[in-house]
Amino acid sequence: MAKTAPMPDALYSISQVNALTGVPKSTIRFWEKEFNQFLSPLRTAGNQRRYDSKAVEIIARINQLVNTEGYTLEGARRKMSDLEKSFEKSQNNTKGQLNELAETMSDYLLQKLFERVRQEESGRDDDFK
């Protein structure tokens with residue numbers, strides 16, 4: 001994988017990505033075309049490439065698939081697509097679980113609030129007896 005972890009909000013030149021991942025600059029340019037659904041670097045006013053931390057991680061992952069695990073480019077594309085779909089599904093499941101938890105907590109807090117109001121009202125009723 002990456003030799004050094006990229007900084008979350010930083011933008012990197014192709015030379016910096018090469019230094020971080022060990023992937024040659026020519027290979028990075030080639031992979032931009034082959035994996036364009038995953039890699040699309042930003043461009044400066046001078047048309048120089050700039051990569052965010054997610055792009056650096058994607059390049060490192062492609063490198064692992066192709067050069068370490070022996071995937072073909074097509075196989076690596078399919079694997080990346082499968083990983084993306086799996087991530088999206090997991091993210092949707094997590095959102096659903098968080099919504100359910102928020103609803104349960106809201107119901108619980110409302111129930112406790114109503115109980116407290118009832119207790120206070122019954123205490124006031126006792127004062128008037």
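What single numbered condition from (1) without any contact (Cβ under 8 Å) to a residue 12 or more places away in the chain; (2) touching a helix residue (DSSP H, G or I) at 6+ places or on another chain (Cβ under 9 Å); (3) of a type outside the set (A, V, I, L, M) fails to hold for TYR51?
Tallying (1) without any contact (Cβ under 8 Å) to a residue 12 or more places away in the chain; (2) touching a helix residue (DSSP H, G or I) at 6+ places or on another chain (Cβ under 9 Å); (3) of a type outside the set (A, V, I, L, M), TYR51 fails exactly one: (1).
Of (1) modelled with pLDDT of 90 or more; (2) under 20 Å from the mean Cα position of the chain (by Cα), THR72 satisfies all except one. Which?
The one condition THR72 does not meet is (2).
List the pairs whose first member sits in segment 11-26 and is in contact (Cβ under 8 Å) with a residue 40 or more places away in the chain and over 19 Å from GLN64 (Cβ atoms), whose second member is of a type outside the set (S, T, N, Q) and not in a strand (DSSP E or B), and whose Cβ atoms are under 8 Å apart, counting only residues at least 6 apart or on separate chains?
Listed pairs, sorted by first residue: LEU11/ASP52.
Working carefully through the options ARG61, ARG118, find the one that is at negative phi, among the basic types (Lys, Arg) and modelled with pLDDT of 95 or more.
Among ARG61, ARG118, only ARG61 is at negative phi, among the basic types (Lys, Arg) and modelled with pLDDT of 95 or more.
Taking segment 75-105, which residues are small (Gly, Ala, Ser) and either exposed (fewer than 10 other Cβ atoms within 10 Å of the Cβ) or closer than 26 Å to LEU65 by Cα (or both)?
Of everything in segment 75-105, those that are small (Gly, Ala, Ser) and either exposed (fewer than 10 other Cβ atoms within 10 Å of the Cβ) or closer than 26 Å to LEU65 by Cα (or both) turn out to be GLY75, ALA76, SER81, SER86, SER90.
Just a yes or no: is a residue in segment 117-129 of a type outside the set (Phe, Trp, Tyr), part of a loop (DSSP other than H, G, I, E, B) and farther than 30 Å from SER13 by Cβ?
Yes, the conditions are met somewhere in segment 117-129.
Can you tell me how many residues within segment 35-54 are part of a loop (DSSP other than H, G, I, E, B) and either within 22 Å of the chain's Cα centre (by Cα) or buried (at least 17 other Cβ atoms within 10 Å of the Cβ) (or both)?
8
Looking at segment 1-31, which of the residues that are at pLDDT 95 or above, under 22 Å from the mean Cα position of the chain (by Cα) and within 18 Å of LYS79 (Cβ to Cβ) is surrounded by the most Cβ atoms within 10 Å (Cβ to Cβ)?
The residue in question is THR21.
The values are calculated or read from the model by the stated rules, or taken from the named source; none is laboratory data. Predicted, not measured: the structure shown is a model, and the values here were computed from it. Here the Cβ is made from the backbone with ideal geometry for all residues, glycine too, and neighbour counts use every protein chain on show.
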